[in-house]
Amino acid sequence: MVENPAPGIRAFFDEATNTISYLVWDEATMKGAVIDPVLDYDQAAGEVDTASVENILAEATKAGIDVMWALETHSHADHLSGAPYITEATGATIGIGEHIRDVQEVFRPIFNADDVAPGGGDFDKLFVDGETFAIGDLVAEVLYTPGHTPADVSYRIGDAVFVGDTLFMPDFGTARADFPGGDARKLYRSIHRLLALPDETRLFMCHDYKAPGRDEYAWETTVKAQREESVHVNSDVSEDEFVEMRTARDAGLSAPRLMLPSIQVNIRAGRFPPAEANGVHYLMIPVKPKAGTAVPHA
């Protein structure tokens with residue numbers, strides 16, 4: 001990979017979803033990208049708000065940063081994407097890993113989402129593993145890191161890697177691998193691909209929930225710290241041990257609070273389903289009866 005200077009990085013923490021979005025830029029050209037932007041969503045009221053995205057864009061404008069990219073590490077199940085708003089405001093290109101196609105294939109029929117473009121066409125750019133692209137004079141590299149979902153990628157920009165949901169802080173562990181297409185064994189191997197990077201490489205998380213005993217939110221660590229201190233994947237943990245632990249842990253987890261709205265919006269690159277005849281956009285809530293239970297219907 002071409003040697004890069006360290007990028008400028010500003011983190012934006014959304015406490016409602018425990019998500020960290022990032023404004024990343026090239027100090028020389030002041031070209032930038034936003035990684036994993038959040039669209040505010042009040043599920044109880046059915047209301048969306050762009051305050052979080054507007055805050056990022058305001059900071060970019062204040063600093064003189066020209067946002068060229070809205071980058072997704074994967075199709076999130078815990079927050080709605082604000083990427084389309086960034087595109088509308090800046091003309092930025094929406095990018096995600098090419099395996100978003102696999103996620104769309106799973107969820108398109110679940111949500112009867114016939115409007116979802118085939119082959120990932122809702123997104124402007126589908127990245128392949130190892131692909132590079134420019135953020136000004138910076139060279140960004142795409143690392144395919146599946147396991148949490150089949151579509152996860154990490155973005156390596158200079159000495160920084162934005163890992164999405166693949167890793168959490170060392171004292172919290174790793175992401176779940178029980179979503180459709182998830183795979184704990186692939187997750188372990190993806191994590192070790194990241195841990196093979198130089199010790200001083202900075203790793204930026206997409207989520208933090210405060211590990212027990214820690215009072216502050218945190219989202220930046222290093223490869224060395226993960227390798228030596230991670231409660232899930234330090235150098236003493238074998239692949240089989242990790243898979244056993246991760247599988248047992250996932251079995252006790254409930255679905256994310258915003259999973260149903262998030263997935264059906266995010267497989268459309270952050271856009272909502274087309275409006276109905278009354279001009280209102282609706283999100284689907286599939287109903288799955290338990291065995292032996294009939295669903296009342298007209």
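The values are calculated or read from the model by the stated rules, or taken from the named source; none is laboratory data. What you see is a predicted model, and the numbers here were worked out from it, not measured in a lab. As a convention, Cβ positions derive from the backbone with ideal geometry for all residues, glycine included, and neighbour counts pool all protein chains shown. Remember, those area values only see protein heavy atoms, side chains included, never the ligands or the DNA or RNA. Shrake-Rupley method; radii C 1.70, N 1.55, O 1.52, S 1.80 Å.
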Extension reserve of the Arg185-Ala11 stretch, reckoned as 0.36 nm per residue once the Cα distance is removed: 59.6 nm
Relative pair counts by distance (%), Cα atoms of the chain, 5 Å bins: 1, 5, 12, 16, 19, 17, 13, 9, 5, 2, 1, 0, 0
Segment 45-101: mean projected area of Cα convex hull, nm²: 4.8 nm²
Within segment 126-228: Cβ-based charge dipole about Cα centre, in debye rounded to nearest 20 (Lys, Arg +1; Asp, Glu -1): 360 debye
Over segment 125-188, volume per residue of the alpha carbon convex hull, in Å³: 89 Å³
At 1.002 mPa s and 20 °C, Stokes diffusion of segment 1-160 via Kirkwood alpha-carbon radius, µm² per second: 132 µm²/s
Whichever lysines have a C-alpha closer than 25 Å to that of Lys125, once near sequence neighbours (fewer than 8 apart) are set aside: Lys31, Lys186
Value of relative contact order over segment 1-146, rounded to a whole percent, pairs C-alpha under 8 Å and six or more apart: 21 percent
More than 14 angstrom apart: percent of Cα pairs within segment 1-76: 64 percent
Solvent-accessible area per residue for segment 1-58 (1.4 angstrom probe, square angstrom): 44 Å²
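Given contacts defined as C-alpha pairs under 8 Å and at least six residues apart, what's the relative contact order of the chain, whole-number percent?
Relative contact order for the chain comes out at 17 percent.
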Whole-percent carbon and sulfur share, accessible surface of segment 1-132, 1.4 Å: 47 percent
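Find the accessible area per residue for segment 90-237; the probe is 1.4 Å, ligands and nucleic acids are left out, and the unit is Å².
Accessible area per residue, segment 90-237: 39 Å².
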Within a Gaussian network of the chain (alpha carbon springs, distance under 10 Å), most fluctuating of Tyr209, Tyr282, Tyr144: Tyr282
Cα Rg, Dmax (largest Cα-Cα span) when computed across segment 165-298, Å: 19.2, 62
Farthest positive-ward along the chain dipole, Cα basis, beta-carbon charges - from Ala177, Gln226, Gly97: Ala177
P(r), alpha carbons of segment 84-123 - 5 Å bins starting at zero, rounded %: 6, 21, 26, 19, 17, 10, 1
Size of electric dipole in the chain: Cβ of Lys, Arg +1 and of Asp, Glu -1, about Cα centre, debye, nearest 20: 680 debye
